[in-house]
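Reading through the structure tokens given below for one structure.
Bear in mind that the values in this text are calculations on the coordinates, not laboratory data. Bear in mind the structure is a predicted one, so any value in this text is a computation, not a measurement. Heads up, the Cβs are rebuilt from the backbone with ideal geometry, glycines too, and the neighbour counts pull from every protein chain shown.
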Amino acid sequence: MDLSNETVLITGSGRGLGNAMARRIAGLGARVIIHDISWEAPAEFGEYQDLGDSARKCGAVFAVTGNIGDEAVVAGWVDAINTEVGPVTCLVNAAGGDIAAAGGKPVPNDAIGIPSVDVRAMLDRNLLGLIWVCKYFVPGMIPNNRGSIVNIASSAAHLGVDNGVIYSVAKAGVVQYSRSLATQLREHGIRVNAVSPGPTRTARFAATRVMDASDLDDSAPLARYGKPDDIADVVAFLLSDESRYISGQTIRVDGARETFST
């Protein structure tokens, strides 16, 4: 795969799963722009000193910060990126997470009791922010009649849950938005796909839950937690010309952990 002709904005890529994508995509020759909510955020779970350190180590050429749920913040990135790097040709919307407005997980985190402020934070972080990024960067891709967008959903989007409900609803929205955007952009030659990871061993994942020891055996081909590179490889494929006729699809990357039907 060769991405040397691409300029790729990856939200949520200062650390964690998005950072694995940034490393993989930069390694294929792309000019990568990384993002995190603040300059200091990559240090939260000990991955990097700050966003500058992250950019240097993953091969990114530029970095932006801010809450993607704030439409004005996203709109402000366009001129900065065009000036410093050039027009974005591919998007990866990886920012998200089952995270409360004040950090950590909402308590309670069910369908009815979740605090209203956390409902809004979850939708901003996982769905509305993704929509804003597409709203402001897709128009620059249309005149070239080419491009690829990968939106990161979750295996939680495809099954009923009683914990993390609003997160799963937001990720289901990502799947449907991706299908609809793919339909709209078909005539412009721009592909849109979603990727739904299962449980994946990022630094945040390891720090915020008790992990099942039976899922920590990296020698197991499928019966284990996912690794960030498992997801990054699929995203890189969907950005590349090797997937040139794939659009409007959702690929679950979970080692058949959940064998749901849709």
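Some observations on this one:
- On Cα atoms only, tilt of 165-185 relative to the major axis of the chain in degrees: 20
- Spin-label model, residue 82/residue 222: points 7 Å from Cα along the beta carbon direction are separated by 4.7 nm.
- Lys/Arg +1, Asp/Glu -1 at C-beta; region 51-160 dipole; positive extreme among 83, 126, 96: 83
- Total formal charge among the other residues, if their Cβ is under 14 angstrom from that of residue 138, Lys/Arg +1 and Asp/Glu -1: +3
- Gyration tensor (alpha-carbon) shape descriptor, region 135-262, a/c threshold 1.5: prolate
- Mean Cα-pair separation over length for region 51-168, i.e. relative contact order, pairs under 8 Å, 6 or more apart, %: 32
- When 1, 21 are sorted by how many other C-beta atoms sit within 10 angstrom of their C-beta, beginning with the fewest, the order is 1, 21.
- For region 7-253, a crude dipole built from +1 on the beta carbon of Lys and Arg and -1 on the beta carbon of Asp and Glu, taken about the Cα centre, is about 540 debye to the nearest 20.
- Taking the number of Cβ atoms within 10 Å of each Cβ as an exposure proxy, the fewest-first ranking of 132, 39 is 39, 132.
- Tensor-based shape of region 1-90 (alpha-carbon gyration tensor, a/c under 1.5 rounded, otherwise prolate or oblate): oblate
- With neighbour counts taken as other beta-carbon atoms within 10 Å, the residues 188, 158 rank, fewest first, as 188, 158.
- Set of aspartates and glutamates near residue 105 by C-alpha distance (under 16 Å), chain-local residues within fewer than 8 positions excluded: 44, 118, 124, 162
- Against the chain, whose longest principal axis is taken from its Cα atoms, helix 228-239 shows a tilt of about 30°.
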